[in-house]
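Following: one structure in structure tokens, then a few remarks.
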Ligand SMILES: [Zn+2]
């Protein structure tokens with residue numbers, strides 16, 4: 001299992017089961033992606049949530065919600081919907097979408113949930129392991145932390 005991220009807690013949002021859902025899901029990823037570990041994974045995560053949400057909206061049932069969690073080495077993307085399994089779509093569009101998710105995600109699957117079903121996937125962040133002493137303190141270049149953290153490590 002991945003360690004818990006100490007920087008970014010899980011974030012969840014509800015989404016409409018409409019054509020706007022994928023775009024809202026992509027925007028939510030950019031808003032809440034872990035600044036410490038998620039920078040390299042953001043593009044893949046945006047693409048993946050878009051596909052997961054579209055798939056859940058087409059084959060599942062409302063209400064839809066999206067949860068994003070940082071596990072340091074991977075991001076976990078979960079789309080909840082009120083329907084049952086969506087892993088065996090009857091039409092080629094759905095099958096192609098699952099194939100795409102399978103290619104881009106590190107892992108993907110489905111879990112039953114009290115609210116319906118969770119379609120989830122994980123994406124590698126490329127983050128290096130933390131030192132055994134714990135996370136390296138974030139260095140800020142002088143002045144009190146202003147809450148905003150634009151100065152990440154230059155990779
Ligand atoms: Zn993180």
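The values are calculated or read from the model by the stated rules, or taken from the named source; none is laboratory data. Predicted, not measured: the structure shown is a model, and the values here were computed from it. Virtual Cβ from ideal backbone geometry, glycine too; neighbours counted across all protein chains shown.
For the reader, a short list of remarks on this structure follows.
- Matching entry among 128, 100, 75 (being modelled with pLDDT of 95 or more, within 16 Å of the ligand (Cβ to nearest atom) and over 16 Å from residue 21 (Cβ atoms)): 75
- Selected residue [in contact with a strand residue (DSSP E or B) (Cβ under 6 Å, 6 or more places away or on another chain) and not in a loop (DSSP other than H, G, I, E, B)] from 40, 47, 77: 77
- Considering residues of the stretch 61-72 that are surrounded by 23 or more Cβ atoms within 10 Å (Cβ to Cβ) and more than 16 Å from the ligand (Cβ to nearest atom) only, the residue farthest from residue 6 (Cα to Cα): 64
- Selection status of residue 96, farther than 22 Å from residue 30 by Cα and not in a loop (DSSP other than H, G, I, E, B): yes
- Residue in the stretch 48-58 that is within 15 Å of the ligand (Cβ to nearest atom), modelled with pLDDT of 95 or more and within 18 Å of residue 110 (Cα to Cα) present: no
- Positions within the stretch 1-34 being within 12 Å of the ligand (Cβ to nearest atom) and under 17 Å from residue 122 (Cα atoms), in sequence order: 2, 3, 4, 5, 8, 9, 10, 11, 32, 33, 34
- Restricting the stretch 35-47 to residues that are without any contact (Cβ under 8 Å) to a residue 40 or more places away in the chain and more than 16 Å from the ligand (Cβ to nearest atom), the residue that is farthest from residue 97 (Cα to Cα) is 43.
- Filtering the stretch 25-33 for residues that are part of a loop (DSSP other than H, G, I, E, B) and in contact with a helix residue (DSSP H, G or I) (Cβ under 7 Å, 6 or more places away or on another chain) leaves a non-empty set.
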